[in-house]
Protein chains: 2
Amino acid sequence: MPKFIDVHSGFVGITQDQLSAAHQRDLDIQAAEGVTFTNAWLDPVSGKAFCLSEGPDKEAVQRVHEKAGHPAEAIYEVPVEV
Amino acid sequence: MPKFIDVHSGFVGITQDQLSAAHQRDLDIQAAEGVTFTNAWLDPVSGKAFCLSEGPDKEAVQRVHEKAGHPAEAIYEVPVEV
């Protein structure tokens, strides 16, 4: 299954609880798109967030994020990894 | 130890072996800066790469990448994670 890293902006000042809640909204609906979000990392100073996921394609990843209310600004398929 | 995600551009067409070699150059010198690179993900189509690391600060992470010949275009401290 392809892996993806997606990037969000605008999460300035977001707390651990808020990130967990946002991530949970993805988890709650991801199965319908065949996507599995595995990690999310957030810089609350710049507001940048990065999610790692597996799924069929970028569009499926974005559909989950859109339905959860936080569309990604960019999604990259990352088939090369160390 | 703080965690960081750093972003690189320009790695269009980079292969698994090339990413492994570039990552190894970081690993070979990271101890001097107290940095540990744990993961790197690459999209060879867009040329974007993302590294996850732990270290004392962003500047230490960048010094390793600079000495290895591939400075990051941005480094984010990511204290919030799920």
Give the average, rounded to an integer, of partner chain Cβ atoms located within 10 angstrom of each Cβ in B:41-54.
5
Do any of A:3/A:58; A:67/B:48; A:48/B:48 go past 20 Å between their Cα atoms, and which?
A:67/B:48
Proximal charge balance of residue A:70 [Cβ under 9 Å; K/R count +1, D/E count -1]:
-1
Which distances, in nm and shortest first, link the residue A:57 label point to the same label point in every other copy, taking 7 Å along Cα→Cβ?
4.6
Can you tell me the relative contact order of chain B? Whole percent, Cα pairs under 8 Å, sequence separation 6 or more.
45 percent
So, over other residues within a Cβ distance under 14 Å of residue A:25, counting Lys, Arg +1 and Asp, Glu -1, the net charge is -3
Please get the size of the charge dipole for region B:1-79, origin at its Cα centre, with Cβ charges of +1 on Lys and Arg and -1 on Asp and Glu, quoted in debye to the nearest 20.
80 debye
Nearest 10 degrees, 0 to 90: helix B:58-67 Cα axis against chain B principal axis:
40 degrees
Calculate how steeply helix A:16-29 sits against the longest principal axis of the alpha-carbon atoms of chain A, using the helix alpha-carbon long axis, and give the answer as 0 to 90 degrees to the nearest 10.
30 degrees
Distance in nm between residue A:81 and residue B:17 label points, each 7 Å along Cα→Cβ, equals 2.2 nm
Which Cβ of chain A lies nearest the axis of the rotation superposing A onto B, and at what whole-Å distance?
A:50, 3
Would you kindly work out, in nm and rounded to one decimal, the distances from the label point of residue B:46 to those of the same position in each other copy, ordered shortest first, with label points 7 Å along Cα-to-Cβ?
1.4
Full extension between residue A:59 and residue A:28 adds, at 0.36 nm per residue less the Cα distance, a length in nm of 9.4 nm
Compactness relative to 2.2 N^0.38 Å, alpha carbon Rg of chain A:
1.01
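Computed from the coordinates by the stated procedures, all read-outs in this text should not be read as laboratory data. Quick caveat: nothing in here was measured; it's all calculated off a predicted structure. Ideal geometry is used to build each Cβ from the backbone, glycine not excepted, and the neighbour counts take in all protein chains shown.
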